[in-house]
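Input: a single structure, listed below in C-alpha cells.
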C-alpha cells in the first residue's frame with residue numbers, strides 16, 4: 001500500500017465521479033487532513049491522463065471511484081444483489097449503458113493499484129442513503145467530513161465526487177460501511193446521527 005502524501009501529518013483522500021467516456025465530465029474532489037477536512041481541490045476533468053495526474057500529484061491514502069470496478073458477464077454481480085437486498089439501487093456492470101463506465105473504471109483502478117494506491121468502488125447516492133440522508137440533503141450529510149461544504153454546486157458530478165471523497169476518508173479510518181461478496185466490494189458511508197459522526 002502506498003503511503004499518501006501528508007499535510008499536517010495526515011493524507012489526502014480523493015473521490016472520483018467517473019464518466020464512461022473521456023468526452024463527458026468526470027468530477028474529482030480532493031480532501032486533506034482530519035475531519036472536518038479541508039477541500040483541497042474540486043474539479044471537472046475529462047481525459048484519463050488528467051485523472052491519473054491529479055491522483056499522482058496528491059498521492060492520496062485512498063481513492064474512491066463511483067463506477068463498478070469488477071466485471072459481470074451477465075446481469076448483476078453478487079455484490080450488486082447484496083446491495084439491492086440492503087435497499088440500495090444499483091445498475092449492473094453488464095448493461096449496455098454501464099459497460100463503457102465499468103471498463104474505464106477497471107482500467108484506471110488497475111493502473112493506480114499497480115502504482116500502489118488503495119482504490120475502492122463506491123456509489124454516492126447509496127452512500128448518502130446508507131448514512132441516513134436523502135440525496136437532496138447531501139450537504140447536511142457530509143458537513144462532519146468537509147470543513148466548508150460548497151452549498152451551491154451546479155454540477156452533480158462534483159457533488160458525487162465530494163461524497164465519494166468522504167467515503168475514501170471513512171474507509172481510511174476503518175469506519176466505512178462495506179457491502180461485499182465474492183465478486184466485489186462497494187464502500188458506503190456508515191450510518192451516523194447528527195452531532196456524533198463516525
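The values are calculated or read from the model by the stated rules, or taken from the named source; none is laboratory data. Keep in mind that this is a model prediction, so the values were computed, not measured. Here Cβ is always computed from backbone atoms with ideal geometry, including for glycine, and neighbour counts include all displayed protein chains.
All of 124, 135, 93 fail the test of being in contact with a helix residue (DSSP H, G or I) (Cβ under 9 Å, 6 or more places away or on another chain), buried (at least 21 other Cβ atoms within 10 Å of the Cβ) and free of Cβ contacts under 8 Å to residues at least 40 places away in the same chain, apart from 93. Here residue 35 meets the list (1) at pLDDT 95 or above; (2) outside any helix (DSSP H, G or I) almost entirely, failing just condition (1). When residues in the range 51-78 are screened for being under 20 Å from residue 92 (Cβ atoms), assigned to a loop (DSSP other than H, G, I, E, B) and out of contact with any helix residue (DSSP H, G or I) (no Cβ under 7 Å at 6 or more places or on another chain), 7 of them pass. Quick check on the range 144-155. Is at least one of its residues part of a helix (DSSP H, G or I) and in contact (Cβ under 8 Å) with a residue 12 or more places away in the chain? For the range 144-155, residues part of a helix (DSSP H, G or I) and in contact (Cβ under 8 Å) with a residue 12 or more places away in the chain: absent.
Of the set (1) in contact with a helix residue (DSSP H, G or I) (Cβ under 6 Å, 6 or more places away or on another chain); (2) surrounded by fewer than 23 Cβ atoms within 10 Å (Cβ to Cβ), all apply to residue 106 but (1). Contact annotation: residue pairs with Cβ atoms under 9 Å, 6 or more positions apart or on different chains, pairing a residue in the range 97-112 that is in contact (Cβ under 8 Å) with a residue 60 or more places away in the chain with a partner that is surrounded by fewer than 20 Cβ atoms within 10 Å (Cβ to Cβ) and part of a helix (DSSP H, G or I), are 104/48; 108/48; 108/52; 112/52; 112/56. Taking the residues in the range 77-97 that are more than 18 Å from the chain's Cα centre (by Cα) and modelled with pLDDT of 95 or more as candidates, determine which candidate is nearest to residue 134 (Cα to Cα). Per the stated criteria, the residue is 87.
Considering only residues in the range 8-26 that are at pLDDT 95 or above and assigned to a loop (DSSP other than H, G, I, E, B), the one that is nearest to residue 173 (Cα to Cα) turns out to be 18.
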